[in-house]
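Submitted below is the structure of interest, expressed as structure tokens.
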């Protein structure tokens with residue numbers, strides 16, 4: 001799939017539209033699951049004894065489950081792996097913790113901001129992270145590239161608006177970062193139905209993708225500083241001298257490439273989520 005984005009203006013500095021942390025955080029607050037409406041088990045509850053084998057997971061993998069919902073998939077994976085569960089909703093997190101008290105760690109965390117550290121996990125995992133496509137999933141996938149392995153997304157309903165949206169997020173991140181993208185059809189035994197065909201997307205990182213994703217994550221935090229968002233402009237030299245970027249020993253060329261990637265992520269998120277409200281921050285970034 002080809003992604004077309006508007007050309008950037010170069011007059012008096014370039015204009016970049018990047019993901020806006022504050023608005024993403026507000027989205028998590030606005031859409032937290034209603035305790036009386038959406039709290040409940042996930043749509044497919046895995047009971048497959050060969051789940052890890054079918055998903056291609058090495059024994060004792062360290063897995064971050066984001067948008068974990070009712071916790072059924074996190075619980076199933078925890079039989080063979082070290083699993084950290086997360087969801088943006090405090091109510092959903094409490095619900096999952098009540099159902100599965102032995103889950104190693106339960107976190108209230110926006111998917112756009114996890115994982116936090118390089119090589120903290122082997123994989124980021126989610127089962128049908130709807131309706132987060134185009135909103136927090138692109139950043140969750142970008143951040144998954146700092147893992148040792150990457151990300152795995154599983155869903156059972158192909159060709160819906162939501163599943164196609166997630167596929168577009170995956171293809172964009174794969175294209176921007178040079179990460180390998182695989183799709184597999186996997187029969188997984190689920191409660192009440194037996195074997196059900198599921199579709200697995202696996203985004204596999206590499207050293208170049210890991211460095212780019214780490215730099216982009218750090219630069220995104222720098223661009224979302226309060227003083228920058230208020231002034232809506234910043235100089236390249238200021239970014240190069242910032243602590244987060246200096247720690248990466250990034251060149252000016254790498255910084256420009258990073259800004260272009262973030263601009264494309266911002267444009268993609270804006271194109272796919274207009275019905276949720278705009279989630280981008282527009283900045284003018286000037287030469288030294």
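Tell me which residues, restricted to the range 85-116, are closer than 21 Å to residue 19 by Cβ and either within 14 Å of the chain's Cα centre (by Cα) or without any contact (Cβ under 8 Å) to a residue 12 or more places away in the chain (or both).
86, 87, 88, 109, 110, 111, 112, 113, 114, 115, 116
Identify the single condition in (1) in a helix (DSSP H, G or I); (2) over 22 Å from the mean Cα position of the chain (by Cα); (3) modelled with pLDDT under 75 that residue 23 does not satisfy, given that it satisfies every other one.
Going through (1) in a helix (DSSP H, G or I); (2) over 22 Å from the mean Cα position of the chain (by Cα); (3) modelled with pLDDT under 75 one by one, residue 23 breaks only (2).
Within the range 198-212, restricting attention to residues that are part of a strand (DSSP E or B) and touching a helix residue (DSSP H, G or I) at 6+ places or on another chain (Cβ under 7 Å), which residue is surrounded by the fewest Cβ atoms within 10 Å (Cβ to Cβ)?
Within the range 198-212, the match that is surrounded by the fewest Cβ atoms within 10 Å (Cβ to Cβ) is 200.
A follow-up question, please. Hey, among 215, 220, which residue is part of a helix (DSSP H, G or I), over 15 Å from the mean Cα position of the chain (by Cα), closer than 30 Å to residue 258 by Cα and in the same structural domain as residue 248 (by TED's automatic domain parsing)? Don't jump to the end; show me each part of the working.
Details: 220 fails: over 15 Å from the mean Cα position of the chain (by Cα).
When all the criteria are applied, what remains is 215.
On to the next question. Answer with yes or no whether residue 234 is part of a strand (DSSP E or B), outside the structural domain of residue 128 (by TED's automatic domain parsing) and surrounded by 17 or more Cβ atoms within 10 Å (Cβ to Cβ).
Considered against the rule, which asks whether it is part of a strand (DSSP E or B), outside the structural domain of residue 128 (by TED's automatic domain parsing) and surrounded by 17 or more Cβ atoms within 10 Å (Cβ to Cβ), residue 234 comes out as yes.
Let's see how each residue does on (1) touching a strand residue (DSSP E or B) at 6+ places or on another chain (Cβ under 8 Å); (2) surrounded by fewer than 19 Cβ atoms within 10 Å (Cβ to Cβ); (3) within 15 Å of residue 203 (Cβ to Cβ):
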site	(1), (2), (3)
70	no, no, no
74	yes, no, no
77	yes, no, no
89	yes, no, no
93	yes, no, no
98	no, yes, no
115	yes, no, yes
122	yes, no, yes
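Going by the conditions given, is residue 155 buried (at least 17 other Cβ atoms within 10 Å of the Cβ) and modelled with pLDDT of 90 or more? Talk me through it step by step, then tell me what you get.
Numbers: buried (at least 17 other Cβ atoms within 10 Å of the Cβ): yes; modelled with pLDDT of 90 or more: no.
So residue 155 fails the test.
Among the residues of the range 50-67, write down those that are touching a strand residue (DSSP E or B) at 6+ places or on another chain (Cβ under 9 Å), over 23 Å from residue 108 (Cβ atoms) and either free of Cβ contacts under 8 Å to residues at least 24 places away in the same chain or in a strand (DSSP E or B) (or both).
Selection gives 50, 60.
Given 145, 141, 132, which one is within 18 Å of residue 43 (Cα to Cα) and buried (at least 24 other Cβ atoms within 10 Å of the Cβ)? Please lay out each step first, then the result.
Details: 145 fails: within 18 Å of residue 43 (Cα to Cα); 141 fails: within 18 Å of residue 43 (Cα to Cα).
Just a single option satisfies the conditions, and that option is 132.
Identify, by number, the condition in (1) in a loop (DSSP other than H, G, I, E, B); (2) buried (at least 22 other Cβ atoms within 10 Å of the Cβ) that residue 192 doesn't meet.
(2)
The values are calculated or read from the model by the stated rules, or taken from the named source; none is laboratory data. In this text the structure is predicted, and so the values were computed from the model without any measurement. Neighbour counts run over all protein chains shown; Cβ positions are idealised from the backbone, glycine included.
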